[in-house]
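The values are calculated or read from the model by the stated rules, or taken from the named source; none is laboratory data. Keep in mind the model is a prediction, meaning the values are calculated, not measured. When we count neighbours, we look across all protein chains shown, and the Cβ atoms used for this are built from the backbone with ideal geometry, even at glycine. Keep in mind that these areas ignore ligands, DNA and RNA; they rest on the heavy atoms of the full protein, side chains included. Shrake-Rupley method; radii C 1.70, N 1.55, O 1.52, S 1.80 Å.
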Amino acid sequence: MVEFKVTTERQTQLLDITQLVREAVASGQGSAAVVYVPHTTAGVTINEHADPAVARDFETALERIVPSDWPWEHIEEGEENAPTHIRAAFMGPSVLIPMRDDGTLALGTWQGIFFCEFDGPRERSVLVSVLQ
Ligand code: ZN
């Protein structure tokens, strides 16, 4: 397993980590790679990374689908961060990517891997395991 850190700059931010994941699997050959985020207010997803507007549209959409001005019950350190947990759950904590025989990720032409921050800015961890 390889662990790397990412630093986010906004409360809600999709960060393209495709190249970091490619580097994390570069030394291993296997059937698939698992990318896992060990956080409750962040997630990971695969979507278009050719146009950066797609990531920004995700950020806007998730803030609208799960609004902050709701009678949330979960309060943490004086802050209502319940919506950030739920936004993270929509994205999920992991993705599984098949690997080709040459050890590369079998991503589609337009696909990229995004770290999904919902309670930033802060430093986060991403774990990558190559399955045999
Ligand atoms: Zn919380």
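Quick notes on this one:
- None of 90, 115 is touching a residue at least 40 places away in the same chain (Cβ under 8 Å) and within 16 Å of the ligand (Cβ to nearest atom) except 90.
- Filter result for residue 103 (among the small types (Gly, Ala, Ser) and either on the phi > 0 side of the Ramachandran plot or surrounded by 14 or more Cβ atoms within 10 Å (Cβ to Cβ) (or both)): yes
- Sole exception among (1) over 18 Å from residue 122 (Cβ atoms); (2) of a type in the set (D, E, K, R); (3) modelled with pLDDT of 95 or more for residue 73, by number: (3)
- Some residue of the range 109-125 being touching a Phe, Trp or Tyr at 6+ places or on another chain (Cβ under 6 Å), open to solvent by less than 70 Å² (accessible area, probe 1.4 Å) and either of a type outside the set (Phe, Trp, Tyr) or closer than 18 Å to residue 12 by Cα (or both): no
- For residue 49, the requirement of being within 16 Å of the ligand (Cβ to nearest atom), within 19 Å of residue 16 (Cα to Cα), modelled with pLDDT of 95 or more and not basic (Lys, Arg) is not met.
- Positions within the range 88-106 being closer than 20 Å to residue 4 by Cα, in a loop (DSSP other than H, G, I, E, B) and in contact with a Lys or Arg (Cβ under 9 Å, 6 or more places away or on another chain), in sequence order: 104
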